[in-house]
């Protein structure tokens, strides 16, 4: 029979499980941040591009896992989400910039992804009046986040395999992802303007 935590009323075993899940979520997120410079370094050398592809797969898997682990551990919050999404952009931007330098992705994708994330974070900070973040998700933003990882995977795989059809596919996907990021940025600006108008009326 499990003992209950007197402060929360949650059985001690369940409490330990939640703590472990929360720690696992944080490890997944911190891993992407730690791997960001390694990913960029691996892309820069022909001998290590297979490793770069493997690292991009690890990033996708940890991005898929950390949010689910955090929710299962009762750690879902806006602070946790900005940490998660910030880790994504820290991992992706240097790699996308290098892939653009190697002509595997369009240059505009790097700027569009950074701009869209910046607006998303600023809007959340503004809504919380500088006291943390009050994030408002959007469908274009979610789609852009998925597209950014898809392009990184395709372009890194194309670089590793030297496949010209895959190179062309990755570049075209990069153009589409840039458009999605710009759509997300436009949607965020509209959301911010609507929020400001409501505040003015109030």
So, in the range 97-115, of the ones that are under 14 Å from the mean Cα position of the chain (by Cα) and free of Cβ contacts under 8 Å to residues at least 60 places away in the same chain, which residue ends up surrounded by the most Cβ atoms within 10 Å (Cβ to Cβ)? 110
Let me confirm something: among 60, 38, which residue is over 25 Å from residue 122 (Cβ atoms), touching a helix residue (DSSP H, G or I) at 6+ places or on another chain (Cβ under 9 Å), free of Cβ contacts under 8 Å to residues at least 24 places away in the same chain and assigned to a helix (DSSP H, G or I)? 38
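Let's see how each residue does on (1) in a helix (DSSP H, G or I); (2) more than 24 Å from residue 78 (Cβ to Cβ):
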site: 103; (1), (2): no, yes
site: 124; (1), (2): yes, no
site: 133; (1), (2): no, no
site: 158; (1), (2): yes, yes
site: 175; (1), (2): yes, yes
site: 178; (1), (2): yes, yes
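When you go through 68, 80 one by one, which is the residue that is without any contact (Cβ under 8 Å) to a residue 60 or more places away in the chain, out of contact with any strand residue (DSSP E or B) (no Cβ under 6 Å at 6 or more places or on another chain), surrounded by fewer than 19 Cβ atoms within 10 Å (Cβ to Cβ) and closer than 26 Å to residue 127 by Cα? Spell out the reasoning first.
Values: 80 fails: surrounded by fewer than 19 Cβ atoms within 10 Å (Cβ to Cβ).
Every option except 68 fails the conditions.
Read-outs throughout are calculated quantities, based only on the coordinates presented, and are distinct from any laboratory measurement. Being a predicted model, the structure only gives us computed values, none of them experimental. Note that each Cβ is placed from the backbone with ideal geometry, even for glycine, and that neighbours are counted across all protein chains shown.
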